[in-house]
Amino acid sequence: MRLEAQPPEGLSPGLWLVKWLLLIPHVIVLMVLWLGYAVLWVVALFAVVITGRFPRGIFEYQVGVLRWTWRVSYYGYSALGTDTYPPFTFAEYWKSESARASFPARFKSIASTRSSQMTATALMRPLRNT
């Protein structure tokens with residue numbers, strides 16, 4: 001993920017005193033979104049291991065959560081980089097701040113390796129009576 005920011009000139013000298021109050025709705029929503037992020041991370045892990053592909057929808061959701069978190073952090077106390085209130089959206093919104101990620105190429109899955117196929121075949125055969 002690539003993060004970029006250009007802080008604007010003339011930030012409000014007193015707004016930092018109340019930004020924590022303004023961020024409460026974002027923090028509540030982001031807590032729920034990060035719970036979903038964690039669950040989908042496990043789903044994506046199994047998808048990559050089994051199929052070798054990262055599901056596009058999960059990727060877009062996770063990038064959206066990271067982008068939203070970056071905007072809230074940039075507005076809030078992590079950077080105090082802008083006075084513009086962050087929007088409630090996954091989309092890239094501000095021109096001066098951006099968070100971009102490229103969709104990953106195909107991964108090598110467990111199912112695609114020859115040794116794992118041979119192991120799976122051997123485990124699926126019924127045991128011989130001797």
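The values are calculated or read from the model by the stated rules, or taken from the named source; none is laboratory data. All figures in this text were calculated on a predicted structure; none of them were measured in a lab. Because the Cβ atoms are built from the backbone with ideal geometry, glycine has one as well, and the counts that use them run over all protein chains shown.
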Worksheet entry | Every residue from region 1-35 that is out of contact with any helix residue (DSSP H, G or I) (no Cβ under 9 Å at 6 or more places or on another chain) and among the small types (Gly, Ala, Ser) | Gly10, Ser12, Gly14
Worksheet item: Taking region 72-93, which residues are within 18 Å of Gly36 (Cβ to Cβ) and either under 14 Å from the mean Cα position of the chain (by Cα) or not aromatic (Phe, Trp, Tyr) (or both)?
Response: Val72, Thr89, Phe90, Ala91
Response to the item:
Filtering region 48-62 down to residues that are surrounded by 14 or more Cβ atoms within 10 Å (Cβ to Cβ), at pLDDT 90 or above and not in a loop (DSSP other than H, G, I, E, B) yields Ile58, Phe59, Tyr61, Gln62
Item to complete: Give just the number: which of (1) crowded, with 18+ Cβ neighbours inside 10 Å; (2) without any contact (Cβ under 8 Å) to a residue 12 or more places away in the chain does Arg67 not satisfy?
Response: (2)
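Yes/no matrix, rows are residues, columns are (1) surrounded by 11 or more Cβ atoms within 10 Å (Cβ to Cβ); (2) at pLDDT 95 or above; (3) assigned to a helix (DSSP H, G or I):
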site: Leu3; (1), (2), (3): yes, no, no
site: Pro7; (1), (2), (3): yes, no, no
site: Val29; (1), (2), (3): yes, yes, yes
site: Tyr37; (1), (2), (3): yes, yes, yes
site: Ala44; (1), (2), (3): yes, no, yes
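Would you call Ala91 modelled with pLDDT under 85, within 30 Å of Gln6 (Cα to Cα) and among the aliphatic types (A, V, I, L, M)? Show your work before the answer.
Numbers: modelled with pLDDT under 85: yes; within 30 Å of Gln6 (Cα to Cα): yes; among the aliphatic types (A, V, I, L, M): yes.
In short, yes.
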Fill in: Pairs where the first residue, in region 25-45, is in contact (Cβ under 8 Å) with a residue 12 or more places away in the chain and the second is charged (D, E, K, R) and surrounded by 13 or more Cβ atoms within 10 Å (Cβ to Cβ), C-beta under 9 Å, 6+ apart
His26/Arg71
